[in-house]
Amino acid sequence: MDNQVAMEFAGANIVWLLLAAFVILCILLGVRIVPQSEKFVVERFGRLRTVLGPGINLIVPFIDKVRHRISILERQLPDATQDAITSDNVLVQVETSVFYRILEPEKTVYRIRDVDGAIATTVAGIVRAAIGRMELDEVQSNRSELIGEIKSNVEDAVDNWGIEVTRAEILDVNLDEATRQAMLQQLNAERARRALVTEAEGQRRAVELQADAELYAAEQAAKARRIAADAEAYATGVVAKAIQDNGIEAAQYQVALKQVEALTAVGKGEGKQTVILPANALDAFADAFKMLKGSR
């Protein structure tokens, strides 16, 4: 009898232990803690049930299954190089880099198999199409516009995959050796042309400055002659006025004054020349002195 009771008690304990283990298992299967950098895709009987965000989440044990653990961190595709032909028939090699992140894991999981490969193929096609509409000089000078166009087109293409393209970069644009040499010759020719133009502009400027200097000198000389003519005309006018007011005496005074000035100029010589004076030279001095005294 005691053995039977003991067996029943042991059986009851086992049941309780199994029940406790089942409850613990249900808790372990029903509680999901999702890291901040991930999202969990949950399926029920093979169909999408929900997407679990970061934190503690509850699901139905044995029925709901976490099928995919998707990282939502920003990702970088490996740098890729693709050939492209510009509108002026120049072959270039474009090296690109793309950064993206997954926003809607349910679309990424069920609509595309190889995300990185699909984005790389899409970027290659968009780059070839964009460069095919541009000339080589535009590719080199408008790289920022080209990057913006590529990023916009890639975003439109991957929108159905639940992906956000955060950045698209053109790392380098390489040319074949023949094109590189041709561009180098063109660059040297352009530099030589600019040097010739600069030299010609300098010579033209020098000629203009010389002409301006000669014109300025001529204007100043003409101005000096005009001033001298005005002074002479003024002096003549004064003399004429004096003659008009004083009659013949003013005229004789001017003649006598000129004679004195002439004799003074002759007397300033070096002393080796012979000076011939008219007979009335002293009379001229006397007449000039008298007239000057009388005018005062």
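Since every read-out is calculated from the coordinates, none of them should be taken as a lab result. Keep in mind it's a predicted model, so treat the numbers as computed, not measured. Virtual Cβ from ideal backbone geometry, glycine too; neighbours counted across all protein chains shown.
Numbers at a glance
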| quantity | calculated |
| --- | --- |
| Region 194-200 - phi-based ³J(HN,Hα) in whole Hz, Karplus 6.51/-1.76/1.60, Gly and Pro as x | 5, 5, 5, 5, 5, 5, 4 |
| Around L29: net Lys/Arg minus Asp/Glu count, Cβ-Cβ under 15 Å | +3 |
| Packing rank of 218-228, 169-179, where each peptide gets the mean count of other beta carbons within 10 Å, highest leading | 169-179, 218-228 |
| Phi-based couplings in Hz for region 135-140 (Karplus 6.51, -1.76, 1.60; Gly and Pro marked x) | 7, 4, 4, 5, 4, 6 |
| Sorted peptide list for 19-30, 104-115, criterion being average Cβ within 10 angstrom, highest first | 104-115, 19-30 |
| Relative contact order computed over region 108-234 (Cα-Cα under 8 Å; 6+ residues apart), in percent | 20 |
| Hydrodynamic radius (Kirkwood) for region 105-164, which is based on Cα pairs only, to one decimal in Å | 12.5 |
| Principal axis dimensions, region 61-185 - Cα atoms, whole angstrom, descending | 74, 22, 19 |
| Pairs of alpha carbons in region 133-206 whose separation is greater than 14 Å (percent) | 75 |
